[in-house]
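Below: the structure, in structure tokens.
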Amino acid sequence: MVKMVASGEKQQGHRSGIYKQKNKGHKHGKHRTKGEIERENKGRVSVTALTKKQRKEQKKMDRRHKANQLRRNKKDMVLTEKRRLGSRDGPPHLVAVVSLHAGVDAGAITKLLRGEGAGGVVHQERCVSGISDSFGLILPRFKQRFTFLSYSTSEMHSLLDVAKIADSLVFVLDSTEGWDSYGDYCLSCLFAQGLPSHALVCQGLTDLPVKKRVESRRALSKITEVRFPDARLFPLDSEQDATLLLRHLGTQRQRKLGFRSRRSHLLGQHVTFTPNSPAEGTGGGPTGLGTLCVSGYVRGRPLRVDRLVHISGHGDFQLSQIDAPSDPLPLNLTPRPAKPGKGGDVDMLDGDENEAPVRVLMTADPSCRESLQTEAEVDPMDGEQTWPTETELLEAEEARKKKRVMKVPKGTSDYQASWIVDDNEEENGETDEESSDDDDDDMMDEAMDGEDDENNSQDLGSCCGEEDEEEEEEEEEVCSTERAGADQRYDEHMDEAAEEEGLKRYREARANEMFPDEVDTPLDAAARIRFQRYRGLKSFRSSPWDPMENLPLNYSRIFQFQSFERTRHRILAEAAAEEEGAMVGWYVTLHITDVPFSVMESVQSGNPLVLVSLLPHEQKMSVMHVLVRRHPSNTEPIKSKEELVFHCGFRRFRASPIFSQHTSADKHKMERFLRPDAPTVVSVYAPITFSPAGVLLFKQRAADGIQDLVATGSLLSCDPQRVVLKRIVLSGHPFKINRRSAVVRYMFFNRDDIMWFKPVELRTKWGRRGHIKEVLGTHGHMKCVFDNQLRSQDTVLMNLYKRVYPRWTYDPYVPLPLPWVKREGTVEIDDLDME
């Protein structure tokens, strides 16, 4: 039967069951449809102006053509720069001849190169002021001109200065040994500073028998491939060999050095000095100031008259004007009529025969040229308290609203809560950084000297107890009669003061390596007074440290960039696009004002004069950071804040730096000694220098004044806000050990010190962490709680930190070093001496 539905009842709709088919939604590419966008915009029109530059998509062939054009333009630029060097439009090719062995003569090389058989014409003898063995050479066959200079390697400063501006170096090797120990030392310095294009030359191969020449040359190549893996060895015994060498020097690929290619520089070829009149300066005479006129070829970048110039080893000066005298080494050649039976000769048009008037190219404008100010003006009232401004009041009100909430005891007011500090905050007491550092070092020295004296006395007592006194006396008498003369001759060359200082430094370095940063708590002074500038950190990586807190007075004398990297990129880009001033290749005369007569005395004594134009801000003082590595030839301990000699780019100065670890964090741990196995950051007060630039660190021996190379590296940054923290570690011994707690002693020796350092976290050498819970008695015992049970052989440690700064000992005048002598690192000792 069919059930009929009444007209008054409403029929129910169909309900889908659990097995109803559900189709997937349409995948429209995860973007909105046009209709959805129109519904959301509701008639609003989008902005037509683009806020970001739209990248134009190019086709495949267009991209390929663009890459080919860029490659071709770069190749043409390199070829143009290469062809300009030594040609009519560029400066002469500057070649320095360096001997790497005491048994070779660099003068014989230059004598062979200036010979007529080499195809060149010597146009100017002694063309470089201060260097006697220098001459200008013109090769009409190659349409090139060279300037050769041979300088003794005994004076390291002059050798490095010449290598900074030389286009090519010719290394003269011995035919059997290659180079000696001093030659290897010179190569280490040159490689660290930046080695330009070079060539290896040896003499004496033709003197050997024919059968031994190939073997000797193969043995010499095996020696040189350690330093020069791809270099070619040129025998130089005839004029034909000299011609091949000149062709190689003129066509070889030039190596770019970043610190000189971005700055204008020149080598003084003619130098004169004119003393100031009494009305102009401090009075004439040999001790007064004067105007130094330096003539030379402009290299690197165009030279501007309003920029400061730096004379290596003497300081920064200002220019008054730039003149354009006649070129002493012209390339305009007029051939003579050929004589019968002889080849064509060449006549040189000398500048003296056709004397041209000196033209003034440009004169300095006093309102536009750079200032000689190196330090910021210190305002003694700058740190005084003043009434806050409206902006400062608004900032304080916003900071009060954003203050963090923390739990405080019941009944504590807002004013009282503001004085509650965290575990990682300690107050600083002293303000004299240098006295605190010296006290730390003195205390450490006394503690370590005391331990060494006790150990030595124990060793001496044990030895005396084991050996018989009578046998020892007999052995001493026999040894004294046999070796009295030898010992006396050996002791004549011994410096007892230097030996004692070296032993003290060696013991400090060994103690710091065995027990890093550990310091003994003083018994005669309160620890809270002795270490009041130190504070504890919950985490060295993440705990905050304000870089503007408690800055020393020297920080008011330096300059700081808001963004050093952005300023460096801008200045280097402007220098690369510079097209004003004396162009590269021009022979000019620079008038340098207010120069001391000592610069002229240095030139007259035989030292080369190297001059470089400084970039903006490079005369101002700041905190420079250098990344260096310890040189393997030097193993003597180098302590932080010890005076070192820096060669940074074209500059040379003395300073006392501090060492720190090279990490990417915002805080960096100070190193007490220069580490031999890891890169180290050296921080020092020095003039600003824009990287890249090579850096060499020398240490002068106290006994004889010889400078040893201790580290090499490069410029890192200029950042006065780089936080360097000195860490000290206080150690204690667990006296009674329980499951989670222990009684620790020997870390402090009175109750007040324990209460002062109670918020600082403790750690152990086995990895346990804890804190001080309560004080036990009045003699320095304390109950500490740890995260796990301690071991009986464990040691409880407390880390304390304070910020340290370099010492202001910058001195731009470095004394000339004595000839280098290899330091003997080991001494052979017989078994009898050991006993």
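Structure notes:
- The range 141-163 residues that are outside the structural domain of S87 (by the TED database), paired with ones that are among the acidic types (D, E) and open to solvent by less than 30 Å² (accessible area, probe 1.4 Å) (beta carbon under 8 Å, 6 or more apart): none
- With respect to the conditions (1) surrounded by fewer than 17 Cβ atoms within 10 Å (Cβ to Cβ); (2) touching a residue at least 60 places away in the same chain (Cβ under 8 Å); (3) of a type in the set (A, V, I, L, M), A192 falls short on a single one, namely (1).
- When the range 609-651 is limited to residues that are of a type in the set (V, I, T) and in a strand (DSSP E or B), the one that is farthest from H310 (Cα to Cα) turns out to be V628.
- Residue list for the range 657-667, restricted to those being among the small types (G, A, S) and open to solvent by 10 Å² or more (accessible area, probe 1.4 Å): S664, A665
- Residue check, D524 farther than 30 Å from A665 by Cβ, at pLDDT below 90, assigned by the TED database to the domain that holds L797 and not basic (K, R): yes
- From the list R675, R654, the lone residue that is under 23 Å from Y805 (Cβ atoms) and in a strand (DSSP E or B) is R654.
- Of everything in the range 313-333 that is in a strand (DSSP E or B) and more than 34 Å from the chain's Cα centre (by Cα), the residue that is surrounded by the fewest Cβ atoms within 10 Å (Cβ to Cβ) is L333.
- Any hit, the range 561-578, residues being touching a strand residue (DSSP E or B) at 6+ places or on another chain (Cβ under 8 Å), open to solvent by 20 Å² or more (accessible area, probe 1.4 Å), over 30 Å from S295 (Cα atoms) and part of a loop (DSSP other than H, G, I, E, B): yes
- Within the range 54-97, the set of residues being part of a loop (DSSP other than H, G, I, E, B) and among the hydrophobic types (A, V, I, L, M, F, W, C) comprises L85 only.
- In the range 591-622, the residue that is farthest from Y813 (Cα to Cα) out of those that are crowded, with 17+ Cβ neighbours inside 10 Å and either touching a Cys at 6+ places or on another chain (Cβ under 7 Å) or among the polar types (S, T, N, Q) (or both) is H591.
- Members of the range 743-780 that are part of a helix (DSSP H, G or I) and open to solvent by 50 Å² or more (accessible area, probe 1.4 Å): R751, D752, M755, W756
- Beta carbons closer than 8 Å, at least 6 apart along the sequence or on distinct chains, never pair a first residue in the range 357-368 that is over 10 Å from A324 (Cβ atoms) and free of Cβ contacts under 8 Å to residues at least 40 places away in the same chain with a second that is open to solvent by 90 Å² or more (accessible area, probe 1.4 Å) and not acidic (D, E).
- Residue match in the range 702-709 (condition: at pLDDT 90 or above, open to solvent by 10 Å² or more (accessible area, probe 1.4 Å) and of a type in the set (G, A, S)): no
- When M755, M782, M798 are screened for being in contact with a helix residue (DSSP H, G or I) (Cβ under 7 Å, 6 or more places away or on another chain) and modelled with pLDDT of 90 or more, only M782 passes.
- Restricting the range 98-119 to residues that are of a type in the set (A, V, I, L, M) and not in a loop (DSSP other than H, G, I, E, B) leaves a set whose member that is modelled with the highest pLDDT is V98.
- Number of the exception - E518 against (1) at pLDDT 90 or above; (2) acidic (D, E); (3) surrounded by 16 or more Cβ atoms within 10 Å (Cβ to Cβ): (1)
- Residues of the range 207-218 classified as within 18 Å of R232 (Cβ to Cβ) and either without any contact (Cβ under 8 Å) to a residue 24 or more places away in the chain or open to solvent by 70 Å² or more (accessible area, probe 1.4 Å) (or both), total: 4
The values are calculated or read from the model by the stated rules, or taken from the named source; none is laboratory data. Being a predicted model, the structure only gives us computed values, none of them experimental. Backbone-built Cβ (ideal geometry, glycine too); neighbour counts: all protein chains shown. Quick note on the areas: whole protein, heavy atoms, side chains included, nothing else; ligands and nucleic acids left out. Shrake-Rupley method; radii C 1.70, N 1.55, O 1.52, S 1.80 Å.
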